[in-house]
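The values are calculated or read from the model by the stated rules, or taken from the named source; none is laboratory data. What you are looking at is a predicted structure, and each value in this text was computed from that prediction instead of being measured. Note that each Cβ is placed from the backbone with ideal geometry, even for glycine, and that neighbours are counted across all protein chains shown. With ligands, DNA and RNA removed, areas are computed over all heavy atoms of the protein, side chains included. Shrake-Rupley method; radii C 1.70, N 1.55, O 1.52, S 1.80 Å.
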Amino acid sequence: MDFLDSRRKSNSAGKVIAVAFFIAVCIVMLKQVYSPSYTSPDMDNLSRGNLGAVKVLQELFPEPGRLQFIYADLGDAKAVNKIFAENAFDAVMHFAAVAYVGESTIEPLRYYHNITSNTLVVLEAMAAHNVKTLIYSSTCATYGEPIKMPIREETPQLPINPYGKAKKMAEDIIIDFSNTTDMAVMILRYFNVIGSDPEGRLGEAPRPELREHGRISGACFDAARGITPGLKVKGTDYKTADGTCVRDYIDVTDLVDAHVKALAHAKPRKVGIYNVGTGKGRSVKEFVDACKKATGVDIKVEYLDRRPGDYAEVFSDPSKIKQELSWTAQYTDLQKSLQIAWKWQKSHLNGY
(Lines give C-alpha, C1' and ligand atoms only; values in the text may rest on other atoms or scores of the structure.)
Protein backbone atom coordinates (compact mmCIF):
# COMPACT_ATOMS: atom_id res chain seq x y z
CA MET A 1 0.00 0.00 0.00
CA ASP A 2 1.17 3.47 -0.85
CA PHE A 3 -0.31 6.10 1.45
CA LEU A 4 -0.15 9.86 1.36
CA ASP A 5 2.42 11.07 3.88
CA SER A 6 0.64 14.17 5.07
CA ARG A 7 -2.78 14.81 6.52
CA ARG A 8 -2.55 18.53 5.83
CA LYS A 9 -4.99 20.10 3.41
CA SER A 10 -4.28 23.24 1.41
CA ASN A 11 -6.43 25.63 -0.57
CA SER A 12 -4.60 24.80 -3.77
CA ALA A 13 -4.65 21.03 -3.65
CA GLY A 14 -7.55 18.62 -3.70
CA LYS A 15 -7.26 14.95 -2.88
CA VAL A 16 -9.80 12.57 -4.34
CA ILE A 17 -9.71 8.88 -3.47
CA ALA A 18 -11.01 6.85 -6.40
CA VAL A 19 -12.33 3.53 -5.16
CA ALA A 20 -12.67 1.52 -8.33
CA PHE A 21 -12.25 -1.43 -10.62
CA PHE A 22 -12.57 0.37 -13.99
CA ILE A 23 -11.26 3.90 -13.43
CA ALA A 24 -8.10 4.35 -15.44
CA VAL A 25 -9.51 6.56 -18.19
CA CYS A 26 -11.35 8.59 -15.58
CA ILE A 27 -8.13 9.33 -13.69
CA VAL A 28 -6.41 10.44 -16.91
CA MET A 29 -9.07 13.00 -17.74
CA LEU A 30 -9.54 14.20 -14.17
CA LYS A 31 -5.85 14.95 -13.99
CA GLN A 32 -5.94 16.80 -17.30
CA VAL A 33 -8.81 18.99 -16.08
CA TYR A 34 -7.50 19.79 -12.61
CA SER A 35 -4.30 21.55 -11.65
CA PRO A 36 -0.90 19.85 -11.25
CA SER A 37 -1.38 20.01 -7.47
CA TYR A 38 -4.40 17.70 -7.73
CA THR A 39 -3.68 14.25 -6.30
CA SER A 40 -5.66 11.05 -6.68
CA PRO A 41 -5.03 7.92 -4.63
CA ASP A 42 -6.65 4.93 -6.34
CA MET A 43 -7.78 2.08 -4.09
CA ASP A 44 -8.51 -1.29 -5.69
CA ASN A 45 -8.20 -4.96 -4.80
CA LEU A 46 -7.53 -5.79 -8.48
CA SER A 47 -9.99 -8.68 -8.41
CA ARG A 48 -11.22 -7.38 -11.73
CA GLY A 49 -8.88 -4.53 -12.41
CA ASN A 50 -5.52 -4.49 -14.14
CA LEU A 51 -2.26 -3.50 -12.51
CA GLY A 52 -1.02 -2.83 -16.05
CA ALA A 53 -3.46 0.07 -16.35
CA VAL A 54 -2.14 1.52 -13.09
CA LYS A 55 1.42 1.33 -14.42
CA VAL A 56 0.38 3.15 -17.61
CA LEU A 57 -1.06 5.93 -15.47
CA GLN A 58 2.02 6.12 -13.28
CA GLU A 59 4.13 6.62 -16.40
CA LEU A 60 1.78 9.34 -17.64
CA PHE A 61 1.84 11.16 -14.29
CA PRO A 62 5.26 10.49 -12.73
CA GLU A 63 5.28 13.53 -10.43
CA PRO A 64 5.53 12.48 -6.76
CA GLY A 65 2.12 12.27 -5.16
CA ARG A 66 0.03 12.82 -8.29
CA LEU A 67 -1.10 9.24 -8.64
CA GLN A 68 -0.90 6.78 -5.78
CA PHE A 69 -2.19 3.23 -5.87
CA ILE A 70 -3.44 1.56 -2.70
CA TYR A 71 -3.98 -2.19 -2.83
CA ALA A 72 -6.91 -2.84 -0.52
CA ASP A 73 -10.35 -4.41 -0.34
CA LEU A 74 -13.42 -2.38 0.58
CA GLY A 75 -14.73 -5.39 2.46
CA ASP A 76 -11.92 -4.91 4.98
CA ALA A 77 -13.31 -2.13 7.17
CA LYS A 78 -10.15 -1.98 9.27
CA ALA A 79 -7.95 -1.41 6.22
CA VAL A 80 -10.34 1.18 4.79
CA ASN A 81 -10.39 3.12 8.06
CA LYS A 82 -6.60 3.02 8.22
CA ILE A 83 -6.41 4.54 4.74
CA PHE A 84 -8.79 7.34 5.71
CA ALA A 85 -6.98 7.91 9.01
CA GLU A 86 -3.60 8.35 7.31
CA ASN A 87 -4.86 10.71 4.60
CA ALA A 88 -6.91 13.85 4.25
CA PHE A 89 -9.40 13.35 1.44
CA ASP A 90 -11.68 16.02 0.00
CA ALA A 91 -13.91 13.63 -1.93
CA VAL A 92 -14.56 9.99 -2.74
CA MET A 93 -15.44 8.68 -6.19
CA HIS A 94 -16.92 5.26 -5.53
CA PHE A 95 -16.82 3.16 -8.69
CA ALA A 96 -16.03 -0.23 -7.15
CA ALA A 97 -18.44 -3.03 -8.00
CA VAL A 98 -18.83 -6.38 -9.65
CA ALA A 99 -21.02 -5.45 -12.57
CA TYR A 100 -22.40 -8.30 -14.67
CA VAL A 101 -26.17 -8.78 -14.77
CA GLY A 102 -26.00 -12.46 -15.69
CA GLU A 103 -23.44 -13.25 -13.03
CA SER A 104 -25.55 -11.47 -10.42
CA THR A 105 -28.39 -13.93 -10.99
CA ILE A 106 -25.98 -16.83 -10.32
CA GLU A 107 -24.11 -15.28 -7.37
CA PRO A 108 -26.59 -12.86 -5.75
CA LEU A 109 -24.99 -12.88 -2.31
CA ARG A 110 -21.67 -11.86 -3.79
CA TYR A 111 -23.35 -8.84 -5.42
CA TYR A 112 -25.17 -7.72 -2.28
CA HIS A 113 -21.98 -8.00 -0.28
CA ASN A 114 -19.69 -6.37 -2.86
CA ILE A 115 -21.99 -3.50 -3.80
CA THR A 116 -24.33 -2.81 -0.90
CA SER A 117 -22.29 -3.86 2.13
CA ASN A 118 -19.05 -2.37 0.84
CA THR A 119 -20.76 0.95 0.14
CA LEU A 120 -21.77 1.00 3.80
CA VAL A 121 -18.10 0.54 4.75
CA VAL A 122 -17.16 3.53 2.57
CA LEU A 123 -19.86 5.73 4.11
CA GLU A 124 -18.88 4.79 7.65
CA ALA A 125 -15.26 5.67 6.91
CA MET A 126 -16.29 8.97 5.33
CA ALA A 127 -18.41 9.80 8.38
CA ALA A 128 -15.66 8.86 10.83
CA HIS A 129 -13.08 10.99 9.04
CA ASN A 130 -15.26 13.93 8.01
CA VAL A 131 -15.08 13.48 4.23
CA LYS A 132 -18.02 15.43 2.84
CA THR A 133 -18.23 14.77 -0.91
CA LEU A 134 -19.27 11.55 -2.64
CA ILE A 135 -19.62 10.80 -6.34
CA TYR A 136 -21.34 7.43 -6.66
CA SER A 137 -21.44 5.21 -9.73
CA SER A 138 -24.87 3.70 -10.07
CA THR A 139 -26.65 2.10 -13.00
CA CYS A 140 -29.72 2.14 -15.20
CA ALA A 141 -30.28 -1.43 -13.94
CA THR A 142 -31.94 0.14 -10.89
CA TYR A 143 -34.91 1.04 -13.11
CA GLY A 144 -35.61 -2.54 -14.16
CA GLU A 145 -37.92 -2.62 -17.16
CA PRO A 146 -39.97 0.60 -17.18
CA ILE A 147 -43.25 0.78 -19.05
CA LYS A 148 -42.40 4.11 -20.65
CA MET A 149 -39.29 5.22 -22.55
CA PRO A 150 -37.10 7.19 -22.36
CA ILE A 151 -36.09 6.78 -18.72
CA ARG A 152 -36.08 9.89 -16.58
CA GLU A 153 -34.57 10.22 -13.12
CA GLU A 154 -38.12 10.18 -11.71
CA THR A 155 -38.91 6.84 -13.37
CA PRO A 156 -39.78 4.30 -10.63
CA GLN A 157 -36.87 2.09 -9.67
CA LEU A 158 -38.02 -1.53 -9.88
CA PRO A 159 -34.86 -3.56 -10.54
CA ILE A 160 -35.29 -7.13 -11.76
CA ASN A 161 -31.83 -8.60 -11.10
CA PRO A 162 -29.52 -8.70 -8.06
CA TYR A 163 -27.07 -6.26 -9.66
CA GLY A 164 -29.73 -3.57 -10.04
CA LYS A 165 -31.24 -4.37 -6.63
CA ALA A 166 -27.87 -4.12 -4.88
CA LYS A 167 -27.16 -0.77 -6.53
CA LYS A 168 -30.57 0.59 -5.58
CA MET A 169 -30.01 -0.48 -1.96
CA ALA A 170 -26.68 1.33 -2.00
CA GLU A 171 -28.37 4.45 -3.40
CA ASP A 172 -31.00 4.31 -0.64
CA ILE A 173 -28.33 4.00 2.05
CA ILE A 174 -26.40 6.95 0.62
CA ILE A 175 -29.50 9.15 0.43
CA ASP A 176 -30.70 8.23 3.92
CA PHE A 177 -27.27 8.96 5.37
CA SER A 178 -26.91 12.23 3.47
CA ASN A 179 -30.20 13.43 4.98
CA THR A 180 -28.52 13.45 8.39
CA THR A 181 -25.37 15.31 7.29
CA ASP A 182 -24.22 18.22 5.16
CA MET A 183 -22.67 15.90 2.57
CA ALA A 184 -22.47 16.76 -1.11
CA VAL A 185 -23.66 13.72 -3.05
CA MET A 186 -23.86 13.03 -6.77
CA ILE A 187 -25.32 9.75 -8.04
CA LEU A 188 -24.66 8.94 -11.68
CA ARG A 189 -26.78 6.21 -13.25
CA TYR A 190 -24.74 4.85 -16.12
CA PHE A 191 -26.29 3.31 -19.16
CA ASN A 192 -24.21 0.84 -21.25
CA VAL A 193 -20.56 1.87 -21.34
CA ILE A 194 -18.40 1.22 -24.41
CA GLY A 195 -15.20 2.56 -25.97
CA SER A 196 -11.61 3.16 -24.93
CA ASP A 197 -9.20 6.02 -24.34
CA PRO A 198 -9.04 7.92 -27.67
CA GLU A 199 -5.29 8.39 -27.19
CA GLY A 200 -4.81 4.63 -27.27
CA ARG A 201 -3.22 4.36 -23.84
CA LEU A 202 -5.95 2.45 -22.02
CA GLY A 203 -8.53 -0.13 -22.96
CA GLU A 204 -10.72 -2.88 -21.59
CA ALA A 205 -9.01 -6.19 -20.79
CA PRO A 206 -11.36 -8.38 -18.74
CA ARG A 207 -10.19 -11.65 -17.27
CA PRO A 208 -10.77 -14.69 -19.55
CA GLU A 209 -13.00 -16.41 -17.01
CA LEU A 210 -15.45 -13.50 -17.20
CA ARG A 211 -16.06 -13.75 -20.95
CA GLU A 212 -19.32 -15.60 -20.46
CA HIS A 213 -20.76 -12.69 -18.47
CA GLY A 214 -18.89 -9.81 -20.09
CA ARG A 215 -19.95 -6.81 -22.08
CA ILE A 216 -21.12 -7.17 -25.66
CA SER A 217 -18.20 -5.12 -27.00
CA GLY A 218 -15.69 -7.50 -25.42
CA ALA A 219 -17.59 -10.50 -26.78
CA CYS A 220 -17.58 -8.95 -30.27
CA PHE A 221 -13.84 -8.30 -30.14
CA ASP A 222 -13.11 -11.81 -28.87
CA ALA A 223 -15.04 -13.22 -31.82
CA ALA A 224 -13.30 -10.88 -34.26
CA ARG A 225 -9.89 -11.94 -32.91
CA GLY A 226 -10.77 -15.62 -33.10
CA ILE A 227 -10.50 -16.11 -29.34
CA THR A 228 -14.05 -17.43 -29.43
CA PRO A 229 -15.69 -19.12 -32.44
CA GLY A 230 -18.39 -16.48 -32.65
CA LEU A 231 -20.71 -14.14 -30.84
CA LYS A 232 -23.61 -15.42 -28.78
CA VAL A 233 -26.65 -13.13 -28.85
CA LYS A 234 -29.04 -14.04 -26.05
CA GLY A 235 -32.66 -13.26 -26.79
CA THR A 236 -34.35 -12.57 -30.13
CA ASP A 237 -37.99 -12.54 -29.04
CA TYR A 238 -38.13 -9.25 -27.13
CA LYS A 239 -40.82 -6.73 -28.00
CA THR A 240 -38.44 -4.52 -29.95
CA ALA A 241 -38.13 -3.66 -33.64
CA ASP A 242 -35.79 -6.56 -34.45
CA GLY A 243 -36.42 -8.80 -31.44
CA THR A 244 -33.10 -8.11 -29.70
CA CYS A 245 -32.50 -5.97 -26.61
CA VAL A 246 -32.23 -2.21 -27.01
CA ARG A 247 -29.62 -0.32 -24.98
CA ASP A 248 -28.22 3.20 -24.67
CA TYR A 249 -24.47 2.93 -25.37
CA ILE A 250 -22.40 5.67 -23.74
CA ASP A 251 -18.74 6.17 -24.64
CA VAL A 252 -16.35 6.00 -21.68
CA THR A 253 -14.85 9.38 -22.62
CA ASP A 254 -18.25 11.03 -22.21
CA LEU A 255 -18.72 9.16 -18.94
CA VAL A 256 -15.47 10.60 -17.61
CA ASP A 257 -16.58 14.11 -18.53
CA ALA A 258 -19.80 13.54 -16.59
CA HIS A 259 -17.76 12.70 -13.47
CA VAL A 260 -15.64 15.82 -13.86
CA LYS A 261 -18.77 17.96 -14.06
CA ALA A 262 -20.44 16.13 -11.19
CA LEU A 263 -17.47 16.76 -8.91
CA ALA A 264 -17.40 20.43 -9.89
CA HIS A 265 -21.14 20.87 -9.20
CA ALA A 266 -21.41 18.88 -5.97
CA LYS A 267 -22.94 21.05 -3.23
CA PRO A 268 -23.27 20.54 0.55
CA ARG A 269 -26.65 19.24 1.72
CA LYS A 270 -27.62 18.39 -1.85
CA VAL A 271 -28.11 15.06 -3.62
CA GLY A 272 -27.87 15.21 -7.39
CA ILE A 273 -29.14 12.19 -9.34
CA TYR A 274 -28.45 11.99 -13.05
CA ASN A 275 -28.85 9.61 -15.94
CA VAL A 276 -25.67 9.36 -18.02
CA GLY A 277 -26.59 8.24 -21.51
CA THR A 278 -26.99 9.45 -25.08
CA GLY A 279 -30.78 9.40 -25.16
CA LYS A 280 -30.78 7.02 -28.12
CA GLY A 281 -31.46 3.29 -28.01
CA ARG A 282 -29.60 0.83 -30.26
CA SER A 283 -30.51 -2.83 -30.66
CA VAL A 284 -28.05 -5.65 -30.15
CA LYS A 285 -28.31 -6.47 -33.85
CA GLU A 286 -27.42 -2.86 -34.68
CA PHE A 287 -24.48 -3.11 -32.30
CA VAL A 288 -23.24 -6.31 -33.93
CA ASP A 289 -23.48 -4.76 -37.39
CA ALA A 290 -21.48 -1.74 -36.18
CA CYS A 291 -18.87 -4.06 -34.64
CA LYS A 292 -18.51 -6.00 -37.89
CA LYS A 293 -17.84 -2.74 -39.75
CA ALA A 294 -15.48 -1.44 -37.04
CA THR A 295 -13.37 -4.61 -37.04
CA GLY A 296 -13.68 -5.50 -40.70
CA VAL A 297 -14.51 -9.06 -39.65
CA ASP A 298 -17.66 -10.94 -40.62
CA ILE A 299 -18.31 -12.19 -37.10
CA LYS A 300 -20.27 -15.42 -36.82
CA VAL A 301 -23.40 -14.87 -34.70
CA GLU A 302 -25.28 -17.56 -32.79
CA TYR A 303 -28.73 -16.68 -31.48
CA LEU A 304 -29.70 -18.22 -28.13
CA ASP A 305 -32.44 -18.02 -25.49
CA ARG A 306 -32.73 -14.97 -23.27
CA ARG A 307 -30.24 -14.31 -20.49
CA PRO A 308 -31.78 -14.40 -16.98
CA GLY A 309 -32.38 -10.95 -15.51
CA ASP A 310 -32.29 -9.05 -18.79
CA TYR A 311 -34.85 -6.52 -19.98
CA ALA A 312 -36.07 -5.62 -23.46
CA GLU A 313 -35.46 -1.90 -23.82
CA VAL A 314 -33.59 0.73 -21.84
CA PHE A 315 -32.51 4.18 -22.96
CA SER A 316 -32.17 7.48 -21.19
CA ASP A 317 -33.59 10.94 -21.16
CA PRO A 318 -30.40 12.94 -20.45
CA SER A 319 -32.09 16.35 -20.36
CA LYS A 320 -31.59 16.84 -16.59
CA ILE A 321 -27.81 16.42 -16.68
CA LYS A 322 -27.68 18.70 -19.72
CA GLN A 323 -29.64 21.44 -17.99
CA GLU A 324 -27.99 21.24 -14.56
CA LEU A 325 -24.41 20.17 -15.31
CA SER A 326 -24.08 21.36 -18.93
CA TRP A 327 -23.18 17.83 -19.99
CA THR A 328 -24.08 16.24 -23.31
CA ALA A 329 -22.69 13.08 -24.86
CA GLN A 330 -20.24 13.96 -27.65
CA TYR A 331 -19.02 10.53 -28.74
CA THR A 332 -22.27 9.16 -30.14
CA ASP A 333 -21.02 7.46 -33.31
CA LEU A 334 -21.30 3.80 -32.29
CA GLN A 335 -19.05 2.49 -35.05
CA LYS A 336 -16.35 5.08 -34.35
CA SER A 337 -16.32 4.27 -30.61
CA LEU A 338 -15.93 0.60 -31.47
CA GLN A 339 -13.15 1.38 -33.96
CA ILE A 340 -11.17 3.18 -31.23
CA ALA A 341 -11.66 0.28 -28.84
CA TRP A 342 -10.75 -2.24 -31.57
CA LYS A 343 -7.53 -0.38 -32.31
CA TRP A 344 -6.46 -0.82 -28.68
CA GLN A 345 -7.44 -4.48 -28.73
CA LYS A 346 -5.32 -5.16 -31.83
CA SER A 347 -2.27 -3.47 -30.34
CA HIS A 348 -2.68 -5.25 -26.97
CA LEU A 349 -3.33 -8.85 -27.92
CA ASN A 350 -2.35 -10.00 -24.43
CA GLY A 351 -4.04 -7.13 -22.60
CA TYR A 352 -1.75 -5.09 -20.37
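As a rough guide to protection, the peptides 246-258, 100-112 ranked by mean Cβ packing within 10 Å, highest first, stand as 246-258, 100-112.
In the set [x] 57, 43, 38; [y] 71, 54, 35; [z] 92, 59, 47, the label that goes with Cα extents along the principal axes in Å computed for this structure is [x]. Bridge orientation summary for the stretch 113-266: considering DSSP beta bridges with both residues in this region, about 0 percent are antiparallel. Taking all protein chains into account, the per residue accessible area for the chain stands at 45 Å² (1.4 Å probe).
Share of antiparallel DSSP beta bridges in the chain, in percent to the nearest 5?
Numbers: 2 of 41 bridges.
Rounded to the nearest five, the antiparallel share is 5 percent.
The Cα center of the stretch 325-352 and the Cα center of the stretch 189-235 differ in position by 11 Å. For the peptides 309-322, 61-74, residues were scored by their other Cβ atoms within 10 Å and the scores averaged per peptide; the highest-first order is 309-322, 61-74. Per residue, the average separation of C-alpha pairs within less than 8 Å and at least 6 apart gives the chain a relative contact order of 19 percent.
Roughly how many debye, to the nearest 20, is the charge dipole of the chain about its Cα centre, given +1 on each Lys and Arg Cβ, -1 on each Asp and Glu Cβ, and no other charges?
320 debye
With a 1.4 Å probe and every protein chain kept in, tell me what percent of the accessible surface of the chain is carbon plus sulfur.
Values: 7980 of 15750 Å².
That share works out to 51 percent.
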